[in-house]
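What follows draws every value from the coordinates through simple rules; no lab data is involved. Just so it is clear, the model here is predicted, and its values are computed rather than measured. When we count neighbours, we look across all protein chains shown, and the Cβ atoms used for this are built from the backbone with ideal geometry, even at glycine.
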Amino acid sequence: MTELRLGVIGGGQLARMMTPPAINLGINIKVLAEAEGSSAALATTQVGDYNQLSVVREFAKTVDVITFDHEHVPLAVLEALEAEGVSVQPPSKALAFAQNKLSMRKRLGALGMPMPDWAEIQDAATLSAFIEAHDGVAILKTPIGGYDGKGVRVVRSAEDAADWLANLANFGGSLLAEEKVDFVRELAQLSARRPSGEFLAWPLVETQQENGVCSVVLAPAPEVSKATLDTTAEIAKAVAEGLGVTGVLSVEMFEARDGRILINELAMRPHNSGHFSIEGSVTSQFEQHIRAVLDLPLGSTQPHAKHAVMVNLLGVDDKNDFIQAYGSALAAHPEAKVHTYGKSARAGRKMGHVTVIGDSAAHALAEAKGAAAVLLRG
Ligand code: ADP
């Protein structure tokens with residue numbers, strides 16, 4: 001019998017959540033995890049260092065397509081595999097723009113995409129001039145290695161970045177300065193694209209962050225104008241096609257107070273902004289990612305209900321024990337769909353999420369938050 005074998009690099013919660021749809025579709029999923037006991041350990045898991053070409057090459061020999069749970073695999077490793085004929089999805093030429101925020105800004109600029117004003121920073125004088133030209137404040141980012149707000153700083157003078165400027169080599173030689181956008185909210189447009197070209201998007205969502213970490217997602221985003229819906233849909237398609245992205249793409253955007261839609265970030269894999277789709281959509285982002293990277297026809301992205309609300313379970317301290325709290329949380333919130341990632345507890349860590357779908361966004365939000373509160377605080 002024919003077999004389809006998917007290899008996922010990275011053993012986090014995204015690889016974990018790819019497992020149920022892979023099982024349903026009869027796809028043999030294998031994970032290359034960083035360590036024993038990863039979130040994805042319930043799948044067939046091999047432990048190894050994704051920075052080493054020899055390790056990834058051996059792993060690639062056991063599967064038909066390589067995809068990712070995170071974007072940290074060195075481009076040189078992926079380029080070597082591609083040269084040897086391995087199918088890497090998304091390909092290294094696309095992933096390069098998710099790995100480096102400065103390359104992303106340059107490429108999106110060339111495509112004419114709307115973004116916050118930005119500049120490449122290699123010295124204090126250029127940063128001071130940028131801050132001065134933007135009303136005395138800027139957002140400064142490390143182009144590589146940042147996540148969940150780490151590597152993002154508000155700066156009002158070059159001294160605020162003295163430590164980063166003194167260690168530029170750690171960040172690929174440059175920093176990225178951006179205009180501090182006065183936004184009314186953050187939006188995300190999730191989509192998927194196959195190597196052979198088929199493209200499909202989900203409804204636009206609103207994302208809310210707490211200390212730089214996503215905490216709530218409202219699907220669909222409430223009260224969005226037709227113009228914004230058209231713009232965000234066009235942006236997602238232009239980015240996916242322009243950058244040659246395959247699999248799931250999340251384009252994170254700001255809705256500025258002056259009405260502009262500006263691209264913040266790109267994720268080329270299932271993303272927190274799309275967790276709602278597990279219960280909220282005919283096809284979840286995890287199933288769609290698998291279908292897309294294997295170049296299988298995409299599934300419907302139609303919603304199952306008028307609203308889906310997702311609330312992240314962000315660790316309160318190192319004592320959180322969800323299983324202990326299941327009795328009370330599940331009894332009090334029978335509509336809540338609870339997902340926990342099998343991670344050890346730590347303050348602020350993404351340890352799971354809760355989704356509620358239904359006719360009322362307010363009710364879904366209250367139920368999801370209620371369940372999350374019981375799970376986190378017992
Ligand atoms: P990460 O890669 O860590 O997720 P982001 O670039 O998404 O970092 O930034 C994290 C958060 O910081 C964003 O969700 C947003 O709330 C805020 N932020 C980032 N860039 C800007 C900007 N140019 N203007 C205003 N706020 C910003």
Review point. When the Cα centres of segment 236-252 and segment 33-112 are compared, how far apart do they sit, in Å?
Key: 17
Point to revise | Alpha-carbon Debye profile of segment 288-339, log10 I(q)/I(0) at 0.18, 0.24 Å⁻¹ | key: -0.83, -0.98
Exercise for review: Normalise the Cα radius of gyration of segment 293-378 by 2.2 N^0.38 Å (N = residues in it) and let me know the number.
Suggested key: 1.23
Exercise for review: Would you work out which of I121, A331, L187 lies farthest towards the positive end of the dipole of the chain, given +1 charges on the beta-carbon of Lys and Arg and -1 on that of Asp and Glu, about the Cα centre?
Suggested key: A331
Study note, to complete from the structure: Largest fluctuation, P334, P91, P74 only, Gaussian network model of the chain with Cα springs under 10 angstrom, belongs to P334
Review point. Alpha carbon centre of segment 138-192 versus segment 328-345: separation in Å?
Key: 34
Exercise for review: Determine which aspartates and glutamates satisfy two conditions relative to K150: a Cα distance under 15 Å, and not lying fewer than 8 residues away in the same chain.
Suggested key: D163, E210, E265
Practice item. Hand me the GluC sites (Glu not before Pro) from segment 60-113 located in a DSSP loop with no more than 15 other Cβ atoms within 10 Å, in residue order please. Key: E84
Practice item. Work out the charge dipole of the chain with +1 on the Cβ of Lys and Arg and -1 on the Cβ of Asp and Glu about the Cα centre, then indicate which of P74, L375, G274 is farthest towards its positive end. Key: L375
Revision key, fill the gap. Across 5 Å bins beginning at 0, the whole-percent shares of Cα-Cα pair distances in segment 156-226 come to 3, 11, 14, 14, 13, 14, 14, 10, 6, 1
Exercise for review: Please provide three numbers in whole Å: the alpha-carbon extents of segment 261-311 along the principal axes, with the largest listed first.
Suggested key: 30, 28, 19
**Study point:** Amide hydrogen neighbours beyond the local backbone of L6, cut-off 5 Å, H modeled
**Key:** N28, I29, K30, D64
**Study point:** Translational D in µm²/s for segment 1-72 (Stokes-Einstein at 37 °C, 0.692 mPa s, Kirkwood Rh from C-alpha pairs)
**Key:** 275
Check your understanding: For the chain, what mean projected area does the convex hull of the alpha carbons give, in nm²?
Key -> 19.1
Study note, to complete from the structure: Against the 2.2 N^0.38 Å rule of thumb, the C-alpha Rg of segment 155-306 sits at a ratio of 1.16
Check your understanding: Under unit Cβ charges (Lys, Arg +1; Asp, Glu -1), what dipole magnitude, rounded to 20 debye, does the chain have relative to its Cα centre?
Key -> 580
Exercise for review: State which helices in the chain qualify, where a helix is a whole DSSP H run, it must extend 27 Å or more along its own axis by its Cα atoms, and its mean Kyte-Doolittle hydropathy must be at least 0.0.
Suggested key: none
Check your understanding: With each run of n ≥ 4 DSSP H residues scored as -39500 (n - 2.57), what mean residue ellipticity at 222 nm is computed for the chain after dividing by its residue count and rounding to the nearest 500 deg cm²/dmol?
Key -> -9500 deg cm²/dmol
Point to revise | Most mobile of E198, E335, E58 in a GNM of the chain (Cα contacts under 10 Å) | key: E58
Practice item. Could you list R156, R194 in order of exposure, starting from the residue whose Cβ has the fewest other Cβ atoms within 10 Å? Key: R156, R194
Exercise for review: Please tell me which of these pairs span more than 27 angstrom C-alpha to C-alpha: K319/K369; K141/K369; K101/K350; K237/K306?
Suggested key: K141/K369
Check your understanding: With the chain treated as a Gaussian network of Cα nodes joined by springs under 10 Å, which of S328, S273, S87 yields the largest mean-square fluctuation?
Key -> S328
Practice item. Report, ordered by chain and residue number, the aspartates and glutamates lying within cross-link reach of K93, taken as a straight Cα distance under 12 Å and ignoring same-chain residues fewer than 8 apart. Key: E79, E82
Practice item. Would you mind computing Rg(Cα) / (2.2 N^0.38 Å) for segment 10-119, counting N as its residues? Key: 1.20
Review point. Leaving out same-chain residues fewer than 8 places away, which aspartates and glutamates sit with a Cα under 19 Å from that of K337?
Key: E279, E287, D321, D359, E367
